[in-house]
Amino acid sequence: MSTSCSGSATSAREFKPASRWYRRGKYLVPIDGRWWFDWPASAPRQRVKLAELAASDARVNVQSVGDAESLPEWRYGCYHQGQFEERTLPGVTAIAPYVATLRNGRSYGRQCCVIAPGGEAVGETGSYVPGFSKEHADPLTPFSFRYWRKRWDGDVTSRFWLPPKQTIRGRVAVLNTLHSHNYYHWLCDILPRLSSLRRAGVAADYYLVDCLAAFQQQALAALGIGKEQLIQPHCRLLLEADELLVPSYPTPACWRHFGQWLGDALCGGAPAMRSRRIYISRTRTGKRGLANEAELEPLWKQYGIEPQVMEAHPLAEQARLVREAELIIAPHGAGLANLIFAQPGTQVIEIYPEHRQNPGHFPKLSRALSLQHQQILAPIQGFKQMLVCSFEDVAAAFSRALSAQLTN
């Protein structure tokens with residue numbers, strides 16, 4: 001680790017990880033009073049895109065690690081109260097993945113808002129990660145409390161001061177972005193950024209990534225990242241490294257590469273035979289599960305469906321179950337993040353709350369991974385948004401999925 005180097009107002013101190021944490025849900029605060037007495041650092045006043053920084057500052061370099069990819073228009077079936085319709089995802093072009101290297105770059109906060117060597121906020125980090133900001137179903141306005149809370153968390157230009165700067169020797173890879181506390185976002189939006197680093201042939205000495213949960217530690221260990229290399233970002237961390245590595249938001253190619261890589265690491269690389277049919281239950285979450293799950297048990301038995309509670313299994317077992325599945329049915333939720341381990345052609349039936357925004361979320365993942373996707377819209381009841389799924393809709397979706405398997 002580094003010796004102290006000069007900061008904006010006083011000498012920066014050597015990085016020392018927090019030893020204790022206060023956790024409440026998704027919120028994480030270090031219990032360490034020493035920073036209260038340090039001189040703060042000034043915050044950036046402007047946001048600049050990486051391409052502009054690379055063109056004007058020799059300390060910033062952007063390396064492409066693949067090609068842009070065109071995803072064609074894609075259709076998936078949707079059932080609602082006995083009615084069937086085909087829905088369409090429009091064709092899109094995914095940008096080429098990249099890895100940016102910033103000499104003496106800084107990262108601030110749990111969302112890892114990156115600050116360039118010249119003091120500018122990097123426009124592709126924090127609340128401005130491509131793939132997040134465009135998907136808000138309810139655009140936030142300056143008159144909303146949530147707007148200012150999100151800006152305060154994920155936009156360093158909204159602040160006047162930042163915590164005291166700490167320094168560390170070596171290369172630090174920045175992985176965290178928005179929603180790092182969530183299993184889906186951690187597995188599908190944050191960790192696949194490692195794919196770009198691997199494809200670029202760039203090795204990091206340390207990784208800024210959420211790493212306190214058991215499933216996070218299992219995944220990182222399987223990928224060969226030691227505990228001594230992990231740095232848990234938090235709201236009081238402003239860290240400067242000799243080199244800061246910033247991989248791009250994951251592209252479909254990153255998802256495919258990463259799912260195979262992590263799946264092989266967790267399952268020992270053994271080829272999986274697709275023969276299982278599983279139902280991913282949300283009985284342990286207490287929210288957005290199936291209220292009439294017992295009524296559907298005859299269907300599970302008829303079609304040989306195995307109910308599985310993913311929270312009851314370590315990550316390696318979750319990966320193995322999904323790899324071996326030819327058909328997966330599940331209510332909309334984080335359990336479907338495990339689709340990243342699924343083999344091409346796997347049939348997916350998602351039970352989705354009717355009237356909820358952004359129904360194309362998991363169909364987009366299925367398109368990128370070459371899975372077959374169907375959706376059942378179900379009404380919700382109660383404060384916990386429990387779903388009431390039509391028996392007829394589930395039976396029709398099963399029948400269609402099995403017919404597609406026979407055709408293929």
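How big is the gap, in Å, between the Cα center of segment 380-408 and the Cα center of segment 170-223?
Between the Cα centre of segment 380-408 and that of segment 170-223, the gap is 34 Å.
Just going by the charge dipole of the chain, with Lys and Arg at +1 and Asp and Glu at -1 on Cβ, which of Val202, Cys254, His332 is farthest out on the positive end?
Val202
Once you charge only the Cβ atoms, +1 for Lys and Arg and -1 for Asp and Glu, what is the size of the charge dipole of segment 271-407 about its Cα centre, to the nearest 20 debye?
360 debye
For segment 156-286, what class follows from the C-alpha gyration tensor (a ≥ b ≥ c being the square roots of its eigenvalues): rounded when a/c is under 1.5, otherwise prolate if a/b is larger than b/c, else oblate?
prolate
So which of Lys26/Lys287; Lys16/Lys49; Lys49/Lys364; Lys287/Lys364; Lys26/Lys364 end up more than 28 Å apart by C-alpha?
Violating the 28 Å limit, Cα to Cα: Lys16/Lys49.
Arrange the peptides 280-289, 96-105, 158-167 so that the one whose residues have, on average, the most other Cβ atoms within 10 Å appears first.
96-105, 158-167, 280-289
How much of the DSSP bridge set in the chain is antiparallel, in percent, rounded to the nearest 5?
50 percent
Can you classify segment 222-317 as rounded, prolate or oblate using the Cα gyration tensor, where a ≥ b ≥ c are the square roots of its eigenvalues, rounded means a/c under 1.5, and otherwise it's prolate if a/b beats b/c and oblate if not?
Taking the square roots of the gyration eigenvalues as a ≥ b ≥ c, segment 222-317 is prolate.
What list of ³J(HN,Hα) couplings, whole Hz, do you get for segment 311-322 from phi and the Karplus terms 6.51, -1.76, 1.60, once you set θ to phi - 60° and write x for glycine and proline?
5, 7, 10, x, 4, 4, 5, 4, 4, 5, 4, 6
In nm, to one decimal, how far is the His181 label point from the Leu402 one, both placed 7 Å along Cα→Cβ?
4.3 nm
Efficiency by 1/(1 + (r/R0)^6): what FRET value for Leu212 and Glu317, r their Cβ-Cβ distance, R0 = 25 Å, to the nearest 0.05?
On the way: r = 21 Å, r/R0 = 0.83.
E between Leu212 and Glu317, to the nearest 0.05, is 0.75.
Can you give me the relative contact order of segment 271-407 as a percent, contacts being Cα pairs under 8 Å and 6 or more apart?
So the answer I get is 26 percent.
Could you give each residue of segment 260-275 its phi-based ³J(HN,Hα) in whole Hz, using Karplus coefficients 6.51, -1.76, 1.60 with θ = phi - 60°, and x for Gly or Pro?
5, 4, 5, x, 5, 5, 6, 9, x, x, 6, x, 9, 8, 7, 9
How would you classify segment 271-407 from its alpha-carbon gyration tensor, with a ≥ b ≥ c the square roots of the eigenvalues: rounded for a/c under 1.5, else prolate if a/b is greater than b/c, otherwise oblate?
Rounded, since a/c falls under 1.5.
Using alpha-carbon pairs under 8 Å, 6+ residues apart, how would you state the relative contact order of the chain in percent?
The value is 17 percent.
Let me have the 222 nm mean residue ellipticity of the chain computed from DSSP H runs of 4+ only, each contributing -39500 (n - 2.57), with the sum over all residues rounded to the nearest 500.
Taking each H run of at least 4 residues, the total per residue is -6500 deg cm²/dmol.
Could you give the size of the charge dipole of the chain about its Cα centre, using +1 on the Cβ of each K and R and -1 on the Cβ of each D and E, expressed in debye and rounded to the nearest 20?
1020 debye
Quick note: the coordinates plus some simple rules give every number you see, no bench work behind them. Being a predicted model, the structure only gives us computed values, none of them experimental. Neighbour counts run over all protein chains shown; Cβ positions are idealised from the backbone, glycine included.
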